[in-house]
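To keep things clear, I will list the structure first and then write my remarks on it.
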Amino acid sequence: MKVEQILQSKGTDVFAVRDTDTIAGAVSVLIDKNIGAVMVKDAKGKVVGILSERDVVRRLGKAGADTLNLRASDCMTPDPITCSPEDLLEEIMTQMTSKRIRHLPVVNSGKLVGVVSIGDVVKRKIEQAEQEAQALREYISS
């Protein structure tokens, strides 16, 4: 299975905040959209980073409640690792596990076309395993 198949089923919505938005504002987007990360864009709309729940929690651990007044650019992960719609599920799963990444922006020809999470990947792996098990049951019973 390829990343593009995940995007086809989950959708290609990408939520973003500006690099000058506060962490409090970014957290509101995370909560409102029920997501674990947002893309961070500059004034020209260029993606400059990704801000995840983990980024916020790490900063909260260091700076406490003052973190909520910082800018998204102060807490984000700059230049995030990305994947392509053509990448295989196994490849991105290995990458996410080895680099301890929960969200991968999907880029096609230099354009952001979606985001996949570790949850998306695990869900598809479970679906694949269930399909294989069903195929084996049908094969054995025939």
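No value in this document is a laboratory result; all are computed from the given coordinates. Note that this is a predicted model, so its numbers are computed, not measured. Don't worry about glycine lacking a Cβ; one is built from the backbone with ideal geometry, like all the others, and counts go over all protein chains shown.
Our coupling estimate for region 107-112, obtained by passing each phi through the Karplus curve with A = 6.51, B = -1.76, C = 1.60 and θ = phi - 60°, is 10, 10, 6, x, 10, 6 Hz, Gly and Pro reported as x. To the nearest 0.05, what FRET efficiency results for K125 and T82 with a Förster distance of 25 Å applied to their C-beta separation? Computed FRET efficiency for K125 and T82 comes out at 0.75. Per residue, the convex hull around the alpha carbon atoms of the chain comes to 122 Å³. Each of T94, T77 has some number of other Cβ atoms within 10 Å of its Cβ, and from fewest to most they run T94, T77. Look at the dipole of the chain built from charges on Cβ: of F15, N108, G61, the Cα furthest out on the positive end belongs to G61. Kindly identify region 66-142 as rounded, prolate or oblate by the Cα gyration tensor criterion: order the square roots of the eigenvalues as a ≥ b ≥ c, call it rounded if a/c is under 1.5, otherwise compare a/b with b/c, prolate if a/b is larger, else oblate. Since a/c reaches 1.5 and a/b is larger than b/c, the shape of region 66-142 is classed as prolate.
A simple rule links phi to the HN-Hα coupling: the Karplus curve 6.51 cos²θ - 1.76 cosθ + 1.60 with θ = phi - 60°, which for region 67-84 gives 3, 4, 8, 6, 8, 4, 5, 6, 10, 5, 8, x, 6, x, 5, 10, 9, 10 Hz, with x for Gly and Pro. Rounding to the nearest 20 debye, state how big the charge dipole of the chain is about its Cα centre with +1 on each Lys and Arg Cβ and -1 on each Asp and Glu Cβ. Using Cβ point charges on Lys, Arg, Asp and Glu, the chain gives about 380 debye.
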